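The structure under discussion appears below in the form of structure tokens.
The values are calculated or read from the model by the stated rules, or taken from the named source; none is laboratory data. The structure displayed is predicted, hence computed values, not measured ones. Here Cβ is always computed from backbone atoms with ideal geometry, including for glycine, and neighbour counts include all displayed protein chains.
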Amino acid sequence: MAGMSAISRRAALQLGLGAVGAYTFGTAVAAAAPPSPATAAPTYATGSFTSAARGGAVTNWIIARPPGQSAALRPVILLHGKDSNAHTVMSMGVEQFLADAVRAGLPPFAMAAVDGGNGYWHRRASGDDPGAMVLDEFLPLLAEQGLDTSRVAFLGWSMGGYGAMLLGSRLGAGRTAAICAVSPALWTSPGAAAPGAFDSAQDYTDNSVWGRAALDEIPLRIDCGFDDPFYGATEQFIAQLSRPPAGGFSPGGHNAAFWSSQLTGEMTWAAPLLAG
């Protein structure tokens, strides 16, 4: 696609700088309000809500759109990794990336991030349920903010890569247009999982994405670096899928430099599926 190389250079640079706090958005942050049909939506909007699914936690959210959009766009739901949040995800230059991507010819779409804590995007013994928060609270909120949530895509990194597959498959093929799992936090057994990822072996089993039939029905992309600690488990996960996913393995580790380098390819793959 003409112009995509420019996106790669600019977006990767801005994402990399943003990962260390050197990138600053040039567009004013707008208080979120549903735009009227005749008014262009803000390119960057923020807000928060009290999540019942998360036990009353104040939960921040951010929506980024390309400039000049008045139609209801479909969103890519961004799921952050452990010890991260919606602001960290969006501080990586997403707003400018969207402007560049759509200017280069991708169909317009929005990106939406939300705080999910460190619960690995599923219900925990504590009662905290960030997965239900996304599906039952955040998606309706996005519709109230003027987005078209009849079809969405999921993009997640590390803990969020696992979460993207879990929540996308739970939402189902009827509403999930695409899933991008980047450096997904995957373990081959309950005993291998990191402390805190699951409450018990049963919790691991109940929320496993291994052998999950719904993933066979949804376009799936998995990207992982050769030096990523999840490389081995990701390789095994891909091998047990009934059809190979898009993406694959390439040089890089479990870090923002690798993740930023993959974003252009991921959105070039996902945007047409989301628009279809």
Qualifying residue in the stretch 128-135 (condition: farther than 23 Å from A41 by Cα and over 16 Å from the mean Cα position of the chain (by Cα)): yes
Residue within the stretch 115-133 that is closer than 25 Å to S183 by Cα, among the aliphatic types (A, V, I, L, M), touching a strand residue (DSSP E or B) at 6+ places or on another chain (Cβ under 8 Å) and in contact (Cβ under 8 Å) with a residue 60 or more places away in the chain present: yes
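Within the stretch 154-201, restricting attention to residues that are of a type in the set (V, I, T) and touching a strand residue (DSSP E or B) at 6+ places or on another chain (Cβ under 7 Å), which residue is surrounded by the most Cβ atoms within 10 Å (Cβ to Cβ)? Working first, answer last.
So in the stretch 154-201, the residues of a type in the set (V, I, T) come out as 176, 179, 182, 188.
Still in the list and also touching a strand residue (DSSP E or B) at 6+ places or on another chain (Cβ under 7 Å): 176, 179, 182.
Values: T176: 26, I179: 28, V182: 26.
Out of the qualifying residues, it is I179.
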Tally, over the stretch 139-153, of residues that are surrounded by fewer than 24 Cβ atoms within 10 Å (Cβ to Cβ) and of a type in the set (V, I, T): 1
Filtered residue count, the stretch 43-73, keeping only those that are touching a residue at least 60 places away in the same chain (Cβ under 8 Å), closer than 11 Å to M111 by Cβ and outside any loop (DSSP other than H, G, I, E, B): 1
Residues that are modelled with pLDDT of 95 or more and in a helix (DSSP H, G or I), drawn from the stretch 217-256: Y231, G232, A233, T234, E235, Q236, F237, I238, A239
Subset tally (residues that are over 24 Å from M92 (Cα atoms) and touching a Ser or Thr at 6+ places or on another chain (Cβ under 8 Å)) for the stretch 53-73: 4
